[in-house]
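Take a look at the structure set out below.
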Amino acid sequence: MNKQNTSLFLIFCALFSVLLSVSVWVLSLFLKFYFPVAALLVIFFFCFVLSFLFFNFFYQKIIFGRIETTLAKLRKLNIITEIDTSKFADDISDPIERFNAEIIQLSNDRQRELEHLQKLENYRKEFLGNVSHELKTPIFNIQGYVATLIDGGIHDPKINIEYLKRADKSVDRMINIIDDLETISQLETGTLSLDLERFNIVEMVHDVCEQIEIQAQKKNITLKVITQKDGIKIFADRFRVRQVFSNLLSNSIKYGKENGETSITLNPEKEKVTITISDDGIGIEEKHLPRIFERFYRVDKGRSREQGGTGLGLSIVKHIIEAHHQTISVSSIENQGTTFVFSLPKN
(Lines give C-alpha, C1' and ligand atoms only; values in the text may rest on other atoms or scores of the structure.)
Protein backbone atom coordinates (compact mmCIF):
# COMPACT_ATOMS: atom_id res chain seq x y z
CA MET A 1 0.00 0.00 0.00
CA ASN A 2 1.56 3.33 -1.01
CA LYS A 3 1.87 6.37 1.26
CA GLN A 4 -1.09 8.22 -0.25
CA ASN A 5 -3.44 5.25 0.11
CA THR A 6 -2.15 4.51 3.63
CA SER A 7 -2.92 8.07 4.75
CA LEU A 8 -6.42 7.92 3.30
CA PHE A 9 -6.95 4.52 4.92
CA LEU A 10 -5.90 5.83 8.36
CA ILE A 11 -8.11 8.91 7.99
CA PHE A 12 -11.04 6.69 7.09
CA CYS A 13 -10.45 4.45 10.15
CA ALA A 14 -10.13 7.52 12.40
CA LEU A 15 -13.39 9.01 11.10
CA PHE A 16 -15.12 5.69 11.52
CA SER A 17 -13.84 5.40 15.11
CA VAL A 18 -14.93 8.97 15.92
CA LEU A 19 -18.37 8.29 14.49
CA LEU A 20 -18.69 5.07 16.48
CA SER A 21 -17.46 6.74 19.72
CA VAL A 22 -19.88 9.65 19.30
CA SER A 23 -22.70 7.18 18.63
CA VAL A 24 -21.87 5.34 21.90
CA TRP A 25 -21.74 8.67 23.78
CA VAL A 26 -25.11 9.80 22.35
CA LEU A 27 -26.64 6.41 23.16
CA SER A 28 -25.35 6.68 26.73
CA LEU A 29 -27.10 10.06 27.10
CA PHE A 30 -30.43 8.54 26.09
CA LEU A 31 -29.88 5.67 28.51
CA LYS A 32 -28.77 8.16 31.17
CA PHE A 33 -25.51 6.27 31.60
CA TYR A 34 -22.51 8.54 32.10
CA PHE A 35 -19.28 7.71 30.25
CA PRO A 36 -16.11 9.47 31.45
CA VAL A 37 -13.79 11.02 28.85
CA ALA A 38 -11.15 8.35 29.50
CA ALA A 39 -13.68 5.63 28.68
CA LEU A 40 -14.59 7.38 25.43
CA LEU A 41 -10.90 7.59 24.50
CA VAL A 42 -10.48 3.89 25.18
CA ILE A 43 -13.54 3.14 23.03
CA PHE A 44 -12.10 5.33 20.28
CA PHE A 45 -8.74 3.54 20.45
CA PHE A 46 -10.25 0.07 20.32
CA CYS A 47 -12.60 1.08 17.52
CA PHE A 48 -9.68 2.50 15.56
CA VAL A 49 -7.55 -0.63 15.99
CA LEU A 50 -10.40 -3.02 15.21
CA SER A 51 -11.58 -1.04 12.20
CA PHE A 52 -8.02 -0.84 10.86
CA LEU A 53 -7.52 -4.59 11.25
CA PHE A 54 -10.93 -5.41 9.78
CA PHE A 55 -10.72 -3.13 6.77
CA ASN A 56 -7.10 -4.05 6.13
CA PHE A 57 -8.04 -7.74 6.15
CA PHE A 58 -11.07 -7.04 3.96
CA TYR A 59 -8.92 -4.97 1.56
CA GLN A 60 -5.94 -7.30 1.38
CA LYS A 61 -7.51 -10.75 1.60
CA ILE A 62 -10.94 -10.45 0.09
CA ILE A 63 -10.61 -7.72 -2.57
CA PHE A 64 -6.99 -8.15 -3.60
CA GLY A 65 -7.13 -11.91 -3.10
CA ARG A 66 -9.80 -12.15 -5.76
CA ILE A 67 -7.86 -9.78 -8.01
CA GLU A 68 -4.73 -11.92 -7.66
CA THR A 69 -6.72 -15.08 -8.42
CA THR A 70 -8.10 -13.50 -11.60
CA LEU A 71 -4.65 -12.26 -12.68
CA ALA A 72 -3.14 -15.68 -12.00
CA LYS A 73 -5.71 -17.31 -14.28
CA LEU A 74 -5.02 -14.73 -17.00
CA ARG A 75 -1.27 -15.34 -16.72
CA LYS A 76 -1.83 -19.10 -16.91
CA LEU A 77 -3.73 -18.57 -20.17
CA ASN A 78 -0.90 -16.30 -21.40
CA ILE A 79 -3.36 -13.43 -21.75
CA ILE A 80 -1.12 -11.21 -19.63
CA THR A 81 2.47 -11.51 -18.45
CA GLU A 82 4.10 -10.69 -15.13
CA ILE A 83 4.19 -6.93 -14.71
CA ASP A 84 7.44 -5.13 -15.39
CA THR A 85 7.69 -2.67 -12.50
CA SER A 86 10.53 -0.77 -14.17
CA LYS A 87 8.01 0.76 -16.58
CA PHE A 88 6.20 2.56 -13.76
CA ALA A 89 7.69 5.47 -11.86
CA ASP A 90 5.21 5.30 -8.95
CA ASP A 91 5.16 2.81 -6.11
CA ILE A 92 2.84 -0.02 -7.15
CA SER A 93 3.01 -2.15 -4.04
CA ASP A 94 -0.60 -1.22 -3.36
CA PRO A 95 -2.98 -3.94 -4.66
CA ILE A 96 -5.29 -1.57 -6.53
CA GLU A 97 -2.34 0.28 -8.05
CA ARG A 98 -0.82 -3.02 -9.13
CA PHE A 99 -4.10 -4.11 -10.67
CA ASN A 100 -4.35 -0.79 -12.49
CA ALA A 101 -0.77 -1.15 -13.74
CA GLU A 102 -1.51 -4.70 -14.97
CA ILE A 103 -4.54 -3.47 -16.90
CA ILE A 104 -2.54 -0.61 -18.44
CA GLN A 105 0.18 -3.03 -19.49
CA LEU A 106 -2.39 -5.46 -20.90
CA SER A 107 -4.01 -2.65 -22.88
CA ASN A 108 -0.67 -1.49 -24.27
CA ASP A 109 0.35 -5.04 -25.21
CA ARG A 110 -2.95 -5.69 -26.98
CA GLN A 111 -2.67 -2.38 -28.83
CA ARG A 112 0.80 -3.33 -30.08
CA GLU A 113 -0.48 -6.75 -31.12
CA LEU A 114 -3.38 -5.16 -32.96
CA GLU A 115 -1.04 -2.82 -34.83
CA HIS A 116 1.23 -5.76 -35.68
CA LEU A 117 -1.70 -7.83 -36.96
CA GLN A 118 -2.87 -4.87 -39.04
CA LYS A 119 0.58 -4.58 -40.60
CA LEU A 120 0.60 -8.32 -41.33
CA GLU A 121 -2.84 -8.09 -42.91
CA ASN A 122 -1.76 -5.18 -45.10
CA TYR A 123 1.40 -7.07 -46.02
CA ARG A 124 -0.64 -10.19 -46.86
CA LYS A 125 -2.97 -8.25 -49.15
CA GLU A 126 -0.07 -6.52 -50.88
CA PHE A 127 1.80 -9.81 -51.23
CA LEU A 128 -1.18 -11.63 -52.77
CA GLY A 129 -1.71 -8.74 -55.15
CA ASN A 130 1.94 -8.83 -56.19
CA VAL A 131 1.94 -12.60 -56.70
CA SER A 132 -1.19 -12.51 -58.83
CA HIS A 133 0.19 -9.62 -60.89
CA GLU A 134 3.58 -11.26 -61.44
CA LEU A 135 1.98 -14.56 -62.52
CA LYS A 136 -0.71 -12.89 -64.58
CA THR A 137 1.80 -11.30 -66.98
CA PRO A 138 3.44 -14.54 -68.25
CA ILE A 139 0.08 -16.36 -68.24
CA PHE A 140 -1.51 -13.72 -70.50
CA ASN A 141 1.57 -13.80 -72.74
CA ILE A 142 1.33 -17.58 -73.10
CA GLN A 143 -2.41 -17.33 -73.72
CA GLY A 144 -1.86 -14.78 -76.49
CA TYR A 145 0.88 -16.78 -78.21
CA VAL A 146 -1.09 -20.05 -78.05
CA ALA A 147 -4.29 -18.35 -79.29
CA THR A 148 -2.39 -16.92 -82.27
CA LEU A 149 -0.95 -20.34 -83.12
CA ILE A 150 -4.38 -22.01 -82.83
CA ASP A 151 -5.93 -19.39 -85.09
CA GLY A 152 -3.61 -20.42 -87.91
CA GLY A 153 -0.24 -19.09 -86.88
CA ILE A 154 1.05 -22.63 -86.40
CA HIS A 155 1.16 -22.97 -90.21
CA ASP A 156 3.07 -19.70 -90.69
CA PRO A 157 6.81 -20.48 -90.62
CA LYS A 158 7.56 -16.81 -89.90
CA ILE A 159 5.89 -16.83 -86.50
CA ASN A 160 5.26 -20.40 -85.31
CA ILE A 161 8.74 -21.15 -83.94
CA GLU A 162 9.16 -17.57 -82.67
CA TYR A 163 5.87 -17.66 -80.72
CA LEU A 164 6.68 -21.07 -79.27
CA LYS A 165 10.02 -19.71 -78.07
CA ARG A 166 8.28 -16.71 -76.48
CA ALA A 167 5.73 -18.97 -74.78
CA ASP A 168 8.56 -21.16 -73.49
CA LYS A 169 10.30 -18.08 -72.08
CA SER A 170 7.10 -17.07 -70.27
CA VAL A 171 6.80 -20.58 -68.82
CA ASP A 172 10.38 -20.30 -67.56
CA ARG A 173 9.49 -16.99 -65.92
CA MET A 174 6.54 -18.60 -64.10
CA ILE A 175 8.73 -21.48 -62.95
CA ASN A 176 11.34 -19.03 -61.64
CA ILE A 177 8.71 -17.10 -59.69
CA ILE A 178 7.33 -20.28 -58.11
CA ASP A 179 10.81 -21.61 -57.31
CA ASP A 180 11.79 -18.31 -55.68
CA LEU A 181 8.57 -18.21 -53.65
CA GLU A 182 9.19 -21.75 -52.47
CA THR A 183 12.76 -20.86 -51.49
CA ILE A 184 11.65 -17.82 -49.46
CA SER A 185 8.89 -19.81 -47.77
CA GLN A 186 11.33 -22.55 -46.78
CA LEU A 187 13.87 -20.04 -45.50
CA GLU A 188 11.27 -18.19 -43.44
CA THR A 189 9.76 -21.30 -41.89
CA GLY A 190 13.13 -22.94 -41.28
CA THR A 191 12.20 -26.03 -43.30
CA LEU A 192 15.08 -25.43 -45.71
CA SER A 193 18.18 -26.87 -44.09
CA LEU A 194 21.50 -25.36 -45.13
CA ASP A 195 24.13 -27.70 -46.51
CA LEU A 196 27.10 -26.20 -44.65
CA GLU A 197 30.63 -26.85 -45.82
CA ARG A 198 34.01 -25.14 -45.80
CA PHE A 199 35.08 -23.62 -49.12
CA ASN A 200 37.11 -20.80 -50.67
CA ILE A 201 34.90 -17.73 -51.05
CA VAL A 202 37.41 -15.97 -53.34
CA GLU A 203 37.25 -18.79 -55.89
CA MET A 204 33.45 -18.67 -55.83
CA VAL A 205 33.39 -14.91 -56.45
CA HIS A 206 35.70 -15.32 -59.48
CA ASP A 207 33.46 -18.15 -60.78
CA VAL A 208 30.33 -15.99 -60.51
CA CYS A 209 32.10 -13.09 -62.21
CA GLU A 210 33.06 -15.37 -65.12
CA GLN A 211 29.47 -16.61 -65.30
CA ILE A 212 28.06 -13.10 -65.81
CA GLU A 213 31.01 -11.74 -67.80
CA ILE A 214 29.06 -11.76 -71.09
CA GLN A 215 26.23 -9.83 -69.46
CA ALA A 216 28.74 -7.27 -68.16
CA GLN A 217 30.50 -6.90 -71.52
CA LYS A 218 27.24 -5.83 -73.20
CA LYS A 219 27.38 -2.62 -71.11
CA ASN A 220 31.17 -2.54 -70.90
CA ILE A 221 31.04 -2.86 -67.10
CA THR A 222 34.23 -3.93 -65.37
CA LEU A 223 34.00 -6.50 -62.54
CA LYS A 224 36.76 -5.97 -60.00
CA VAL A 225 37.55 -8.37 -57.12
CA ILE A 226 39.50 -6.81 -54.22
CA THR A 227 40.95 -9.14 -51.59
CA GLN A 228 43.97 -9.32 -49.31
CA LYS A 229 44.56 -12.98 -50.10
CA ASP A 230 43.17 -15.68 -52.36
CA GLY A 231 42.60 -18.37 -49.73
CA ILE A 232 39.70 -17.06 -47.63
CA LYS A 233 37.65 -19.99 -46.31
CA ILE A 234 34.07 -19.69 -45.04
CA PHE A 235 31.67 -22.21 -43.51
CA ALA A 236 28.38 -21.83 -45.35
CA ASP A 237 25.98 -23.30 -47.90
CA ARG A 238 27.88 -23.12 -51.20
CA PHE A 239 24.77 -23.16 -53.43
CA ARG A 240 22.93 -20.48 -51.42
CA VAL A 241 25.97 -18.22 -51.18
CA ARG A 242 26.37 -18.46 -54.95
CA GLN A 243 22.73 -17.33 -55.21
CA VAL A 244 23.56 -14.27 -53.11
CA PHE A 245 26.47 -13.20 -55.33
CA SER A 246 24.60 -14.01 -58.56
CA ASN A 247 21.61 -11.90 -57.54
CA LEU A 248 23.61 -8.92 -56.29
CA LEU A 249 26.05 -8.86 -59.20
CA SER A 250 23.28 -9.35 -61.79
CA ASN A 251 21.38 -6.41 -60.30
CA SER A 252 24.56 -4.35 -60.33
CA ILE A 253 24.93 -4.95 -64.05
CA LYS A 254 21.23 -4.53 -64.89
CA TYR A 255 21.07 -1.12 -63.25
CA GLY A 256 24.66 -0.11 -63.87
CA LYS A 257 25.77 2.62 -66.25
CA GLU A 258 27.56 2.05 -69.54
CA ASN A 259 31.35 1.83 -69.09
CA GLY A 260 30.88 1.54 -65.34
CA GLU A 261 32.52 -0.60 -62.68
CA THR A 262 31.37 -3.05 -60.01
CA SER A 263 33.78 -3.93 -57.21
CA ILE A 264 33.59 -6.90 -54.84
CA THR A 265 35.71 -6.40 -51.70
CA LEU A 266 36.34 -9.29 -49.31
CA ASN A 267 37.62 -8.36 -45.86
CA PRO A 268 38.40 -11.36 -43.60
CA GLU A 269 37.90 -10.83 -39.86
CA LYS A 270 38.29 -13.11 -36.85
CA GLU A 271 34.97 -14.97 -37.06
CA LYS A 272 33.49 -13.75 -40.33
CA VAL A 273 34.20 -12.33 -43.76
CA THR A 274 32.69 -8.95 -44.62
CA ILE A 275 31.79 -8.54 -48.30
CA THR A 276 31.12 -5.19 -49.95
CA ILE A 277 29.62 -4.99 -53.44
CA SER A 278 29.64 -1.47 -54.89
CA ASP A 279 28.72 -0.05 -58.27
CA ASP A 280 28.55 3.39 -59.87
CA GLY A 281 25.12 2.83 -61.43
CA ILE A 282 21.84 4.70 -61.31
CA GLY A 283 21.46 4.29 -57.53
CA ILE A 284 18.29 4.13 -55.45
CA GLU A 285 16.25 6.95 -53.99
CA GLU A 286 16.49 7.15 -50.20
CA LYS A 287 12.72 6.67 -49.76
CA HIS A 288 12.95 3.20 -51.34
CA LEU A 289 15.85 1.86 -49.23
CA PRO A 290 13.78 0.69 -46.20
CA ARG A 291 11.68 -1.56 -48.46
CA ILE A 292 14.33 -2.74 -50.90
CA PHE A 293 14.42 -6.29 -49.42
CA GLU A 294 10.64 -6.81 -49.53
CA ARG A 295 9.14 -9.44 -51.82
CA PHE A 296 8.27 -8.10 -55.28
CA TYR A 297 9.19 -4.54 -54.29
CA ARG A 298 10.47 -2.66 -57.31
CA VAL A 299 11.95 0.83 -57.28
CA ASP A 300 10.89 1.44 -60.89
CA LYS A 301 8.20 -1.11 -61.75
CA GLY A 302 8.22 -0.53 -65.50
CA ARG A 303 11.98 -0.52 -65.97
CA SER A 304 12.45 -3.44 -63.56
CA ARG A 305 10.11 -5.70 -65.48
CA GLU A 306 11.80 -4.77 -68.75
CA GLN A 307 15.10 -5.92 -67.21
CA GLY A 308 13.55 -9.29 -66.29
CA GLY A 309 13.76 -11.13 -62.99
CA THR A 310 11.07 -12.16 -60.54
CA GLY A 311 11.32 -9.25 -58.10
CA LEU A 312 12.24 -11.72 -55.36
CA GLY A 313 16.02 -11.71 -55.68
CA LEU A 314 16.90 -9.25 -52.90
CA SER A 315 14.37 -10.82 -50.56
CA ILE A 316 16.01 -14.21 -51.12
CA VAL A 317 19.44 -12.67 -50.56
CA LYS A 318 18.38 -11.24 -47.21
CA HIS A 319 16.84 -14.52 -46.05
CA ILE A 320 19.92 -16.53 -47.05
CA ILE A 321 22.23 -14.18 -45.17
CA GLU A 322 19.98 -14.26 -42.09
CA ALA A 323 19.77 -18.07 -42.29
CA HIS A 324 23.57 -18.00 -41.76
CA HIS A 325 22.95 -15.74 -38.71
CA GLN A 326 24.55 -12.77 -40.44
CA THR A 327 23.30 -9.36 -41.59
CA ILE A 328 23.08 -7.35 -44.80
CA SER A 329 22.65 -3.61 -45.33
CA VAL A 330 22.35 -1.28 -48.29
CA SER A 331 23.30 2.33 -48.93
CA SER A 332 22.82 4.29 -52.11
CA ILE A 333 22.97 7.74 -53.66
CA GLU A 334 20.83 8.41 -56.70
CA ASN A 335 22.86 8.60 -59.93
CA GLN A 336 26.07 7.77 -58.03
CA GLY A 337 25.77 4.12 -57.16
CA THR A 338 24.70 1.48 -54.65
CA THR A 339 26.62 -0.49 -52.02
CA PHE A 340 25.60 -3.75 -50.35
CA VAL A 341 27.51 -4.89 -47.26
CA PHE A 342 26.99 -8.34 -45.74
CA SER A 343 28.95 -10.95 -43.83
CA LEU A 344 29.40 -14.73 -43.91
CA PRO A 345 30.73 -16.96 -41.13
CA LYS A 346 34.25 -18.39 -41.16
CA ASN A 347 33.52 -21.04 -38.54
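The values are calculated or read from the model by the stated rules, or taken from the named source; none is laboratory data. These numbers were taken from a predicted model, which means no experiment stands behind them. All Cβ positions, even for glycine, are placed from backbone atoms using ideal geometry, and neighbour counts span all protein chains on display. Ligands, DNA and RNA are stripped out before the accessible areas are found, and what is left, the full protein with its side chains, is counted by its heavy atoms. Shrake-Rupley method; radii C 1.70, N 1.55, O 1.52, S 1.80 Å.
Going residue by residue through region 144-156, is there one that turns out to be open to solvent by less than 80 Å² (accessible area, probe 1.4 Å), at pLDDT 75 or above and under 16 Å from residue 311 (Cβ atoms)?
No: region 144-156 contains no residue that is open to solvent by less than 80 Å² (accessible area, probe 1.4 Å), at pLDDT 75 or above and under 16 Å from residue 311 (Cβ atoms).
I'd like the full set of residues that are over 14 Å from residue 221 (Cα atoms) and either open to solvent by less than 10 Å² (accessible area, probe 1.4 Å) or part of a loop (DSSP other than H, G, I, E, B) (or both), limited to region 253-276.
If the condition is that a residue be over 14 Å from residue 221 (Cα atoms) and either open to solvent by less than 10 Å² (accessible area, probe 1.4 Å) or part of a loop (DSSP other than H, G, I, E, B) (or both), then 266, 269, 270, 271, 273, 275 are the ones that fit.
Would you please list the contacts, defined by Cβ atoms under 6 Å and residues six or more apart or on different chains, that run from a residue in region 276-294 that is farther than 27 Å from residue 201 by Cα to a residue that is among the acidic types (Asp, Glu)?
Pairs that qualify, where the first residue is farther than 27 Å from residue 201 by Cα and the partner is among the acidic types (Asp, Glu), are 285/334.
Would you pick out the residues in region 238-251 that are in contact with a strand residue (DSSP E or B) (Cβ under 6 Å, 6 or more places away or on another chain) and either in a strand (DSSP E or B) or surrounded by fewer than 20 Cβ atoms within 10 Å (Cβ to Cβ) (or both)?
Answer for region 238-251, where residues must be in contact with a strand residue (DSSP E or B) (Cβ under 6 Å, 6 or more places away or on another chain) and either in a strand (DSSP E or B) or surrounded by fewer than 20 Cβ atoms within 10 Å (Cβ to Cβ) (or both): just 238.
Looking only at residues in region 192-237 that are surrounded by 15 or more Cβ atoms within 10 Å (Cβ to Cβ) and of a type in the set (Gly, Ala, Ser), which one is farthest from residue 277 (Cα to Cα)?
Only one residue tops the list, namely 236.
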